[in-house]
Amino acid sequence: MSSGNPYINNDQEMLRAITRRHFFKQTGFGIGAMALTALLDEKLFAQSAANSANGTPGHPENRLPHFAPKAKNVIYLFMAGAPSQLDLLDYKPKLKELDGQPVPQEVIKGERFAFIKGVPKLLGTPHTFTRHGQSGAEVSSLLPQLAGIGDDIAILRSVHTTQFNHAPAQILMNSGHQIIGRPSMGSWLTYGLGSDNKDLPGFVVLLSGQNQPDGGKSCWGSGFLPTVYQGVEFRSKGDPVLFLSNPHGVDSQARRDSLDALQSLNRMHADDVRDPEIATRIASFEMAYRMQTSVPELTDIKQESAAMHEMYGTEPGKASFANNCLLARRLVERGVRFVQLYHRGWDHHGSGANSDIVGTLGRLCRETDRAAAALIKDLKQRGLLDSTLVVWGGEFGRTPMNEARAGSKFLGRDHHPRAFSVWMAGGGIKSGVTIGETDELGYNIVKDPVSVHDLHATILHLMGLDHTKLTYKFQGREFRLTDVHGEVVKKLLA
(Lines give C-alpha, C1' and ligand atoms only; values in the text may rest on other atoms or scores of the structure.)
Protein backbone atom coordinates (compact mmCIF):
# COMPACT_ATOMS: atom_id res chain seq x y z
CA MET A 1 0.00 0.00 0.00
CA SER A 2 1.31 3.43 -0.88
CA SER A 3 2.03 5.76 2.03
CA GLY A 4 0.94 8.81 0.03
CA ASN A 5 4.23 10.51 0.93
CA PRO A 6 6.27 11.26 -2.21
CA TYR A 7 9.51 11.28 -0.18
CA ILE A 8 9.22 7.63 0.91
CA ASN A 9 10.51 5.22 -1.72
CA ASN A 10 9.39 1.62 -2.31
CA ASP A 11 12.42 0.16 -0.48
CA GLN A 12 11.52 2.09 2.65
CA GLU A 13 7.89 1.00 2.39
CA MET A 14 9.03 -2.64 2.05
CA LEU A 15 11.26 -2.28 5.10
CA ARG A 16 8.38 -0.94 7.14
CA ALA A 17 6.18 -3.84 6.06
CA ILE A 18 8.86 -6.38 6.96
CA THR A 19 9.35 -4.77 10.35
CA ARG A 20 5.62 -4.88 11.12
CA ARG A 21 5.39 -8.54 10.15
CA HIS A 22 8.45 -9.35 12.21
CA PHE A 23 6.97 -7.51 15.20
CA PHE A 24 3.70 -9.44 15.20
CA LYS A 25 5.48 -12.76 14.62
CA GLN A 26 7.88 -12.14 17.52
CA THR A 27 5.46 -10.51 20.00
CA GLY A 28 5.84 -13.45 22.36
CA PHE A 29 9.43 -12.50 23.07
CA GLY A 30 8.27 -9.34 24.85
CA ILE A 31 9.81 -5.92 25.22
CA GLY A 32 13.32 -7.13 24.28
CA ALA A 33 12.15 -8.12 20.81
CA MET A 34 10.47 -4.73 20.35
CA ALA A 35 13.67 -2.90 21.25
CA LEU A 36 15.80 -5.09 18.97
CA THR A 37 13.36 -4.59 16.08
CA ALA A 38 13.58 -0.81 16.48
CA LEU A 39 17.38 -0.91 16.44
CA LEU A 40 17.53 -3.15 13.38
CA ASP A 41 15.02 -0.93 11.61
CA GLU A 42 17.15 2.16 12.22
CA LYS A 43 20.33 0.52 10.99
CA LEU A 44 18.69 -0.91 7.88
CA PHE A 45 17.14 2.42 6.95
CA ALA A 46 20.51 4.19 7.37
CA GLN A 47 22.37 1.78 5.14
CA SER A 48 19.55 1.53 2.60
CA ALA A 49 19.39 5.30 2.27
CA ALA A 50 23.17 5.57 1.90
CA ASN A 51 23.31 2.90 -0.78
CA SER A 52 20.36 4.30 -2.67
CA ALA A 53 21.90 7.77 -2.64
CA ASN A 54 25.37 6.64 -3.63
CA GLY A 55 24.80 4.20 -6.46
CA THR A 56 24.63 0.44 -6.83
CA PRO A 57 24.33 -1.24 -3.42
CA GLY A 58 27.49 -2.97 -2.26
CA HIS A 59 29.78 -1.52 -4.96
CA PRO A 60 31.88 1.65 -4.61
CA GLU A 61 31.00 3.21 -7.95
CA ASN A 62 32.57 6.48 -9.02
CA ARG A 63 30.63 9.44 -7.60
CA LEU A 64 30.78 13.21 -7.86
CA PRO A 65 32.63 15.25 -5.20
CA HIS A 66 31.06 18.25 -3.47
CA PHE A 67 33.23 20.65 -5.50
CA ALA A 68 36.06 20.56 -8.03
CA PRO A 69 38.90 18.51 -6.47
CA LYS A 70 42.62 19.20 -6.65
CA ALA A 71 43.45 15.51 -6.14
CA LYS A 72 41.88 12.27 -7.37
CA ASN A 73 43.95 9.77 -5.37
CA VAL A 74 45.81 9.59 -2.07
CA ILE A 75 48.98 7.69 -1.16
CA TYR A 76 49.49 7.77 2.60
CA LEU A 77 52.94 6.68 3.81
CA PHE A 78 52.28 5.84 7.46
CA MET A 79 55.40 5.44 9.60
CA ALA A 80 53.94 3.38 12.43
CA GLY A 81 55.69 3.89 15.76
CA ALA A 82 56.11 7.68 15.49
CA PRO A 83 59.32 8.92 13.83
CA SER A 84 61.32 11.55 15.71
CA GLN A 85 60.54 14.94 14.20
CA LEU A 86 63.47 16.48 16.12
CA ASP A 87 65.93 14.23 14.31
CA LEU A 88 64.31 14.43 10.87
CA LEU A 89 62.28 17.55 10.09
CA ASP A 90 62.30 20.05 13.00
CA TYR A 91 65.83 21.22 13.85
CA LYS A 92 66.36 22.94 17.20
CA PRO A 93 69.81 24.58 17.64
CA LYS A 94 68.96 25.64 21.21
CA LEU A 95 68.12 22.06 22.12
CA LYS A 96 71.50 20.96 20.80
CA GLU A 97 73.18 23.71 22.79
CA LEU A 98 71.50 22.55 26.01
CA ASP A 99 72.09 18.84 25.34
CA GLY A 100 72.45 16.87 28.60
CA GLN A 101 71.00 19.56 30.87
CA PRO A 102 67.89 18.94 33.00
CA VAL A 103 64.70 20.11 31.34
CA PRO A 104 63.27 23.24 33.01
CA GLN A 105 60.54 22.23 35.43
CA GLU A 106 58.17 24.91 34.17
CA VAL A 107 58.21 23.19 30.79
CA ILE A 108 57.07 19.78 32.02
CA LYS A 109 55.07 20.70 35.13
CA GLY A 110 51.97 18.49 35.34
CA GLU A 111 52.98 16.45 32.28
CA ARG A 112 52.56 12.69 31.92
CA PHE A 113 55.00 10.59 29.94
CA ALA A 114 54.67 7.03 28.76
CA PHE A 115 58.06 5.89 30.09
CA ILE A 116 60.22 8.78 31.35
CA LYS A 117 60.84 8.71 35.11
CA GLY A 118 62.33 11.39 37.34
CA VAL A 119 63.79 14.62 35.96
CA PRO A 120 64.70 14.03 32.30
CA LYS A 121 67.62 15.62 30.51
CA LEU A 122 67.40 17.46 27.22
CA LEU A 123 68.62 15.63 24.13
CA GLY A 124 69.87 17.55 21.13
CA THR A 125 69.88 15.71 17.84
CA PRO A 126 73.08 13.79 17.05
CA HIS A 127 72.38 14.37 13.35
CA THR A 128 73.12 17.37 11.16
CA PHE A 129 70.57 19.51 9.32
CA THR A 130 71.13 21.53 6.14
CA ARG A 131 68.96 23.68 3.91
CA HIS A 132 68.13 22.56 0.39
CA GLY A 133 66.70 23.89 -2.86
CA GLN A 134 65.23 27.29 -3.58
CA SER A 135 62.80 26.83 -0.71
CA GLY A 136 65.59 26.33 1.82
CA ALA A 137 63.83 23.29 3.29
CA GLU A 138 65.73 22.24 6.42
CA VAL A 139 66.09 18.46 6.45
CA SER A 140 68.17 15.96 8.43
CA SER A 141 71.21 14.21 6.99
CA LEU A 142 69.26 10.98 7.58
CA LEU A 143 66.95 11.93 4.68
CA PRO A 144 69.27 12.89 1.79
CA GLN A 145 66.82 11.81 -0.92
CA LEU A 146 63.94 13.75 0.61
CA ALA A 147 66.23 16.76 0.87
CA GLY A 148 66.74 16.50 -2.89
CA ILE A 149 63.02 17.06 -3.53
CA GLY A 150 62.57 19.75 -0.86
CA ASP A 151 61.06 22.13 -3.41
CA ASP A 152 58.32 19.59 -4.21
CA ILE A 153 57.04 19.04 -0.68
CA ALA A 154 55.39 20.97 2.15
CA ILE A 155 56.68 20.36 5.68
CA LEU A 156 54.11 20.72 8.45
CA ARG A 157 55.85 21.07 11.86
CA SER A 158 52.87 21.78 14.09
CA VAL A 159 50.65 18.69 14.10
CA HIS A 160 49.33 17.62 17.51
CA THR A 161 47.17 14.81 18.86
CA THR A 162 45.30 13.92 22.05
CA GLN A 163 46.76 10.40 22.36
CA PHE A 164 50.20 9.34 23.65
CA ASN A 165 50.03 5.56 23.29
CA HIS A 166 50.51 3.86 19.95
CA ALA A 167 47.29 1.92 19.36
CA PRO A 168 44.79 4.69 20.20
CA ALA A 169 46.97 7.32 18.49
CA GLN A 170 47.18 5.26 15.29
CA ILE A 171 43.45 4.60 15.33
CA LEU A 172 42.79 8.33 15.88
CA MET A 173 45.13 9.32 13.05
CA ASN A 174 43.42 6.87 10.71
CA SER A 175 39.77 7.12 11.76
CA GLY A 176 39.35 10.42 13.60
CA HIS A 177 38.55 8.65 16.86
CA GLN A 178 40.81 6.89 19.35
CA ILE A 179 38.47 3.94 19.99
CA ILE A 180 37.97 1.20 17.42
CA GLY A 181 34.70 1.08 15.50
CA ARG A 182 34.82 4.20 13.33
CA PRO A 183 35.49 4.06 9.56
CA SER A 184 39.05 4.80 8.46
CA MET A 185 39.88 7.72 6.18
CA GLY A 186 40.31 5.43 3.19
CA SER A 187 36.84 4.02 3.84
CA TRP A 188 35.32 7.50 4.09
CA LEU A 189 36.93 8.51 0.79
CA THR A 190 35.75 5.44 -1.10
CA TYR A 191 32.28 5.89 0.45
CA GLY A 192 32.23 9.53 -0.65
CA LEU A 193 33.88 9.22 -4.08
CA GLY A 194 33.76 5.57 -5.09
CA SER A 195 36.38 3.90 -7.27
CA ASP A 196 37.63 4.52 -10.80
CA ASN A 197 38.47 0.86 -11.42
CA LYS A 198 35.78 -1.82 -11.19
CA ASP A 199 38.41 -4.60 -11.21
CA LEU A 200 40.34 -3.37 -8.15
CA PRO A 201 39.32 -2.29 -4.63
CA GLY A 202 38.99 1.45 -4.05
CA PHE A 203 41.14 1.22 -0.90
CA VAL A 204 44.33 -0.86 -0.79
CA VAL A 205 46.71 -1.43 2.15
CA LEU A 206 50.40 -2.41 1.83
CA LEU A 207 52.46 -3.53 4.84
CA SER A 208 56.22 -3.59 5.45
CA GLY A 209 58.55 -3.42 8.43
CA GLN A 210 57.78 -5.25 11.66
CA ASN A 211 54.39 -6.94 11.38
CA GLN A 212 51.17 -4.93 11.63
CA PRO A 213 50.74 -1.53 13.29
CA ASP A 214 49.71 -1.48 16.97
CA GLY A 215 46.23 -0.32 15.98
CA GLY A 216 45.82 -3.50 13.91
CA LYS A 217 43.31 -3.88 11.10
CA SER A 218 41.08 -1.25 12.72
CA CYS A 219 43.40 1.30 11.09
CA TRP A 220 41.91 0.40 7.70
CA GLY A 221 38.52 -0.97 8.74
CA SER A 222 35.19 0.35 7.51
CA GLY A 223 33.59 0.62 10.95
CA PHE A 224 29.84 1.08 10.62
CA LEU A 225 30.06 1.74 6.87
CA PRO A 226 29.23 -1.21 4.60
CA THR A 227 32.27 -3.50 4.48
CA VAL A 228 32.74 -2.92 0.74
CA TYR A 229 34.59 0.25 1.79
CA GLN A 230 37.21 -1.36 4.03
CA GLY A 231 40.88 -1.56 3.05
CA VAL A 232 42.09 -4.67 1.21
CA GLU A 233 45.58 -5.91 2.04
CA PHE A 234 47.95 -6.57 -0.84
CA ARG A 235 51.32 -8.26 -0.39
CA SER A 236 54.57 -7.63 -2.26
CA LYS A 237 55.79 -11.19 -1.61
CA GLY A 238 53.99 -14.47 -2.33
CA ASP A 239 50.32 -14.42 -3.36
CA PRO A 240 49.35 -10.74 -3.77
CA VAL A 241 46.04 -11.28 -1.96
CA LEU A 242 45.46 -14.19 0.40
CA PHE A 243 42.93 -16.83 -0.71
CA LEU A 244 42.48 -15.16 -4.11
CA SER A 245 43.78 -18.15 -6.10
CA ASN A 246 41.50 -21.06 -6.91
CA PRO A 247 41.87 -24.07 -4.60
CA HIS A 248 43.57 -27.17 -5.99
CA GLY A 249 41.26 -28.96 -8.43
CA VAL A 250 39.01 -25.91 -9.04
CA ASP A 251 39.28 -24.23 -12.45
CA SER A 252 37.93 -20.83 -13.53
CA GLN A 253 34.68 -22.23 -14.90
CA ALA A 254 33.94 -24.14 -11.70
CA ARG A 255 34.68 -20.97 -9.74
CA ARG A 256 32.32 -18.98 -11.97
CA ASP A 257 29.55 -21.57 -11.62
CA SER A 258 29.96 -21.57 -7.82
CA LEU A 259 29.78 -17.78 -7.66
CA ASP A 260 26.68 -17.71 -9.87
CA ALA A 261 24.96 -20.18 -7.57
CA LEU A 262 25.96 -18.22 -4.45
CA GLN A 263 24.86 -14.97 -6.05
CA SER A 264 21.44 -16.41 -6.84
CA LEU A 265 20.98 -17.58 -3.25
CA ASN A 266 22.24 -14.28 -1.83
CA ARG A 267 19.94 -12.24 -4.05
CA MET A 268 16.93 -14.26 -2.92
CA HIS A 269 17.96 -13.71 0.68
CA ALA A 270 18.51 -9.98 0.02
CA ASP A 271 15.04 -9.67 -1.54
CA ASP A 272 13.61 -11.26 1.59
CA VAL A 273 15.43 -9.39 4.38
CA ARG A 274 16.74 -6.27 2.58
CA ASP A 275 20.05 -6.30 4.46
CA PRO A 276 22.58 -4.10 2.57
CA GLU A 277 25.49 -6.27 3.79
CA ILE A 278 24.24 -9.05 1.50
CA ALA A 279 24.80 -6.74 -1.47
CA THR A 280 28.31 -6.11 -0.13
CA ARG A 281 28.91 -9.87 0.07
CA ILE A 282 27.83 -10.32 -3.56
CA ALA A 283 30.05 -7.44 -4.66
CA SER A 284 33.02 -8.85 -2.71
CA PHE A 285 32.71 -12.26 -4.40
CA GLU A 286 32.52 -10.63 -7.82
CA MET A 287 35.46 -8.33 -7.08
CA ALA A 288 37.55 -11.31 -5.96
CA TYR A 289 36.76 -13.10 -9.22
CA ARG A 290 37.82 -10.10 -11.32
CA MET A 291 40.94 -9.59 -9.19
CA GLN A 292 42.15 -13.06 -10.17
CA THR A 293 42.95 -11.49 -13.52
CA SER A 294 43.75 -7.87 -12.63
CA VAL A 295 45.92 -8.33 -9.52
CA PRO A 296 48.68 -10.66 -10.80
CA GLU A 297 49.47 -8.26 -13.66
CA LEU A 298 49.30 -5.26 -11.34
CA THR A 299 51.67 -6.67 -8.71
CA ASP A 300 54.22 -8.01 -11.17
CA ILE A 301 56.72 -5.18 -10.73
CA LYS A 302 59.34 -7.11 -12.73
CA GLN A 303 57.68 -5.49 -15.74
CA GLU A 304 59.20 -2.14 -14.70
CA SER A 305 62.45 -0.96 -16.30
CA ALA A 306 65.89 -1.42 -14.74
CA ALA A 307 66.13 2.35 -14.35
CA MET A 308 62.88 2.38 -12.35
CA HIS A 309 64.10 -0.38 -10.02
CA GLU A 310 67.35 1.53 -9.55
CA MET A 311 65.49 4.72 -8.65
CA TYR A 312 63.22 3.06 -6.08
CA GLY A 313 65.71 0.47 -4.81
CA THR A 314 63.18 -2.29 -5.38
CA GLU A 315 63.85 -6.03 -5.20
CA PRO A 316 61.03 -7.95 -6.94
CA GLY A 317 59.84 -10.94 -4.96
CA LYS A 318 60.73 -9.49 -1.56
CA ALA A 319 58.57 -7.73 0.97
CA SER A 320 59.84 -4.16 1.26
CA PHE A 321 58.76 -0.55 1.58
CA ALA A 322 60.43 0.19 -1.77
CA ASN A 323 58.40 -2.51 -3.55
CA ASN A 324 55.25 -1.11 -1.94
CA CYS A 325 56.02 2.45 -3.10
CA LEU A 326 56.39 1.27 -6.68
CA LEU A 327 53.22 -0.78 -6.34
CA ALA A 328 51.41 2.29 -4.96
CA ARG A 329 52.24 4.21 -8.13
CA ARG A 330 50.93 1.32 -10.24
CA LEU A 331 47.72 1.29 -8.17
CA VAL A 332 46.93 4.99 -8.57
CA GLU A 333 47.74 4.71 -12.29
CA ARG A 334 44.87 2.23 -12.45
CA GLY A 335 42.44 4.44 -10.55
CA VAL A 336 42.63 3.08 -6.98
CA ARG A 337 41.33 5.90 -4.79
CA PHE A 338 43.31 5.45 -1.56
CA VAL A 339 46.56 3.53 -1.08
CA GLN A 340 48.03 3.31 2.40
CA LEU A 341 51.52 2.02 3.14
CA TYR A 342 52.37 1.05 6.72
CA HIS A 343 56.03 0.73 7.67
CA ARG A 344 56.43 -0.24 11.30
CA GLY A 345 59.49 0.08 13.52
CA TRP A 346 59.77 3.81 14.31
CA ASP A 347 59.32 3.51 18.09
CA HIS A 348 62.79 4.60 19.24
CA HIS A 349 62.91 4.79 23.03
CA GLY A 350 66.63 4.08 23.34
CA SER A 351 65.92 1.07 25.51
CA GLY A 352 68.36 -1.08 23.51
CA ALA A 353 70.49 -1.41 20.41
CA ASN A 354 67.39 -1.90 18.22
CA SER A 355 65.51 1.11 19.56
CA ASP A 356 67.76 4.17 19.35
CA ILE A 357 67.74 7.42 17.35
CA VAL A 358 71.21 6.77 15.94
CA GLY A 359 71.66 3.32 14.41
CA THR A 360 68.04 2.16 14.36
CA LEU A 361 66.58 5.44 13.12
CA GLY A 362 69.30 5.56 10.48
CA ARG A 363 68.40 2.06 9.29
CA LEU A 364 64.68 2.91 9.04
CA CYS A 365 65.50 6.03 7.03
CA ARG A 366 67.66 4.03 4.65
CA GLU A 367 64.76 1.61 4.17
CA THR A 368 62.28 4.37 3.31
CA ASP A 369 63.94 7.63 2.21
CA ARG A 370 65.03 6.55 -1.26
CA ALA A 371 61.72 4.96 -2.20
CA ALA A 372 59.55 7.78 -0.81
CA ALA A 373 61.51 10.38 -2.78
CA ALA A 374 61.45 8.15 -5.86
CA LEU A 375 57.66 7.95 -5.60
CA ILE A 376 57.38 11.75 -5.79
CA LYS A 377 59.81 11.92 -8.74
CA ASP A 378 58.05 9.08 -10.55
CA LEU A 379 54.57 10.58 -10.10
CA LYS A 380 55.87 13.96 -11.23
CA GLN A 381 57.52 12.68 -14.41
CA ARG A 382 54.35 10.78 -15.34
CA GLY A 383 52.11 13.80 -14.82
CA LEU A 384 50.38 12.11 -11.87
CA LEU A 385 51.67 14.24 -8.97
CA ASP A 386 49.19 17.05 -9.63
CA SER A 387 46.30 14.62 -9.13
CA THR A 388 47.85 12.43 -6.43
CA LEU A 389 48.17 13.62 -2.83
CA VAL A 390 51.10 12.02 -0.98
CA VAL A 391 51.23 12.20 2.84
CA TRP A 392 54.08 11.02 5.10
CA GLY A 393 53.94 10.83 8.90
CA GLY A 394 53.29 8.86 12.06
CA GLU A 395 50.83 8.93 14.96
CA PHE A 396 52.61 11.39 17.30
CA GLY A 397 56.06 12.88 17.95
CA ARG A 398 59.00 12.28 20.27
CA THR A 399 60.15 14.23 23.33
CA PRO A 400 63.08 16.67 23.30
CA MET A 401 64.39 14.76 26.34
CA ASN A 402 66.37 11.53 26.48
CA GLU A 403 64.27 8.72 27.89
CA ALA A 404 67.19 6.84 29.52
CA ARG A 405 64.92 3.98 30.53
CA ALA A 406 66.48 1.91 33.32
CA GLY A 407 69.74 3.83 32.84
CA SER A 408 70.12 2.84 29.20
CA LYS A 409 73.10 4.42 27.43
CA PHE A 410 71.35 4.32 24.06
CA LEU A 411 69.78 7.58 22.94
CA GLY A 412 66.02 7.56 22.61
CA ARG A 413 62.91 9.68 22.99
CA ASP A 414 59.56 9.04 24.68
CA HIS A 415 56.10 9.59 23.16
CA HIS A 416 55.12 13.23 22.61
CA PRO A 417 51.60 14.15 21.45
CA ARG A 418 52.10 17.92 21.71
CA ALA A 419 54.00 18.40 18.45
CA PHE A 420 55.16 16.36 15.49
CA SER A 421 55.91 16.76 11.79
CA VAL A 422 54.29 15.57 8.57
CA TRP A 423 55.27 16.22 4.98
CA MET A 424 52.89 16.34 2.03
CA ALA A 425 53.24 16.68 -1.74
CA GLY A 426 51.16 16.90 -4.92
CA GLY A 427 47.38 17.05 -5.23
CA GLY A 428 46.86 20.77 -4.55
CA ILE A 429 49.55 21.15 -1.87
CA LYS A 430 51.67 24.31 -1.95
CA SER A 431 55.19 23.05 -2.61
CA GLY A 432 58.42 24.30 -1.07
CA VAL A 433 56.86 25.67 2.13
CA THR A 434 57.35 24.95 5.83
CA ILE A 435 54.26 25.60 7.94
CA GLY A 436 53.96 25.73 11.72
CA GLU A 437 56.55 26.27 14.40
CA THR A 438 57.46 24.80 17.78
CA ASP A 439 59.33 26.52 20.62
CA GLU A 440 63.13 26.52 20.87
CA LEU A 441 63.11 23.13 22.61
CA GLY A 442 60.57 21.56 20.25
CA TYR A 443 58.20 20.91 23.13
CA ASN A 444 55.13 23.08 22.40
CA ILE A 445 53.63 24.53 19.24
CA VAL A 446 53.90 28.32 19.04
CA LYS A 447 52.53 28.96 15.53
CA ASP A 448 49.82 27.49 13.29
CA PRO A 449 48.77 24.42 15.32
CA VAL A 450 47.18 21.65 13.25
CA SER A 451 45.08 18.95 14.91
CA VAL A 452 44.51 15.46 13.51
CA HIS A 453 40.99 16.60 12.56
CA ASP A 454 42.40 19.63 10.73
CA LEU A 455 44.69 17.35 8.75
CA HIS A 456 41.76 15.10 7.84
CA ALA A 457 39.59 18.07 6.85
CA THR A 458 42.37 19.31 4.56
CA ILE A 459 42.85 15.94 2.87
CA LEU A 460 39.10 15.65 2.24
CA HIS A 461 39.03 19.22 0.92
CA LEU A 462 41.80 18.48 -1.58
CA MET A 463 39.73 15.51 -2.78
CA GLY A 464 36.74 17.78 -3.37
CA LEU A 465 34.82 16.86 -0.21
CA ASP A 466 33.43 19.16 2.47
CA HIS A 467 34.28 17.31 5.70
CA THR A 468 31.11 18.63 7.37
CA LYS A 469 28.90 17.17 4.63
CA LEU A 470 30.50 13.73 4.21
CA THR A 471 28.30 12.00 6.79
CA TYR A 472 26.68 8.66 7.53
CA LYS A 473 23.74 8.09 9.84
CA PHE A 474 24.34 5.42 12.47
CA GLN A 475 22.64 4.82 15.81
CA GLY A 476 20.47 7.88 15.42
CA ARG A 477 23.12 10.50 14.59
CA GLU A 478 25.15 11.70 11.64
CA PHE A 479 28.81 10.69 11.91
CA ARG A 480 31.75 12.08 9.96
CA LEU A 481 35.51 11.53 9.81
CA THR A 482 36.23 14.78 11.67
CA ASP A 483 33.39 14.24 14.18
CA VAL A 484 32.54 17.76 15.45
CA HIS A 485 36.00 19.23 14.80
CA GLY A 486 38.30 20.22 11.98
CA GLU A 487 39.33 23.25 9.92
CA VAL A 488 40.99 23.18 6.51
CA VAL A 489 44.64 24.27 6.74
CA LYS A 490 44.49 26.96 4.07
CA LYS A 491 48.23 27.74 4.23
CA LEU A 492 48.85 24.27 2.77
CA LEU A 493 46.71 24.86 -0.30
CA ALA A 494 48.31 25.85 -3.61
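Numbers below:
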item	result
Condition check for Asp214: assigned by TED's automatic domain parsing to the domain that holds Arg344, within 19 Å of Leu77 (Cβ to Cβ) and either touching a residue at least 12 places away in the same chain (Cβ under 8 Å) or touching a His at 6+ places or on another chain (Cβ under 9 Å) (or both)	yes
The stretch 99-137, residues that are in a loop (DSSP other than H, G, I, E, B) and of a type in the set (D, E, K, R)	Asp99, Lys109, Glu111, Arg112, Lys117
Residue within the stretch 186-193 that is outside any helix (DSSP H, G or I), hydroxyl-bearing (Ser, Thr, Tyr) and at pLDDT 95 or above present	no
Filtered residues of the stretch 311-343 (kept if crowded, with 21+ Cβ neighbours inside 10 Å and of a type in the set (Lys, Arg))	Arg329, Arg337
Residue count for the stretch 191-222, restricted to those that are over 12 Å from the mean Cα position of the chain (by Cα) and under 21 Å from Leu64 (Cβ atoms)	11
Residue check for Ser408: surrounded by fewer than 18 Cβ atoms within 10 Å (Cβ to Cβ), over 20 Å from the mean Cα position of the chain (by Cα) and of a type in the set (Ser, Thr, Tyr)	yes
Enumeration of residues in the stretch 303-323 that are of a type outside the set (Ser, Thr, Tyr), assigned to a loop (DSSP other than H, G, I, E, B) and within 22 Å of the chain's Cα centre (by Cα)	Ala319
Only one of Leu298, Leu364 that is assigned to a helix (DSSP H, G or I) and either under 30 Å from Gly407 (Cα atoms) or assigned by TED's automatic domain parsing to the domain that holds Tyr191 (or both)	Leu364
Residues satisfying the stated conditions in the stretch 144-155, i.e. of a type outside the set (Asp, Glu) and either touching a strand residue (DSSP E or B) at 6+ places or on another chain (Cβ under 6 Å) or surrounded by 22 or more Cβ atoms within 10 Å (Cβ to Cβ) (or both)	Leu146, Ala147, Ile149, Gly150, Ile153, Ala154, Ile155
Residue identified as surrounded by 21 or more Cβ atoms within 10 Å (Cβ to Cβ) and touching a Ser or Thr at 6+ places or on another chain (Cβ under 6 Å) among Ser141, Ser184, Ser158	Ser184
Yes/no for Ala80 being surrounded by 15 or more Cβ atoms within 10 Å (Cβ to Cβ), among the small types (Gly, Ala, Ser) and under 16 Å from Ala372 (Cβ atoms)	yes
Matching option when the condition is under 22 Å from the mean Cα position of the chain (by Cα), crowded, with 19+ Cβ neighbours inside 10 Å, of a type in the set (Asp, Glu) and in the same structural domain as Gly100 (by TED's automatic domain parsing), among Asp466, Asp454	Asp454
Candidates Val332, Val390, filtered to the one that is assigned by TED's automatic domain parsing to the domain that holds Asp214 and outside any helix (DSSP H, G or I)	Val390
Residue within the stretch 67-78 that is assigned to a loop (DSSP other than H, G, I, E, B), over 21 Å from the mean Cα position of the chain (by Cα) and within 30 Å of Gln230 (Cβ to Cβ) present	yes
Residue, modelled with the highest pLDDT, within the stretch 194-214, restricted to residues that are touching a strand residue (DSSP E or B) at 6+ places or on another chain (Cβ under 9 Å) and charged (D, E, K, R)	Asp214
Subset of the stretch 350-402 that is more than 20 Å from the chain's Cα centre (by Cα) and closer than 22 Å to Val452 by Cβ - its residue that is surrounded by the most Cβ atoms within 10 Å (Cβ to Cβ)	Pro400
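The values are calculated or read from the model by the stated rules, or taken from the named source; none is laboratory data. The structure presented is a predicted model; accordingly, all values stated were derived computationally and were not measured. Every residue, glycine as well, gets a Cβ built from its backbone with ideal geometry; the counts of neighbours run over all protein chains shown.
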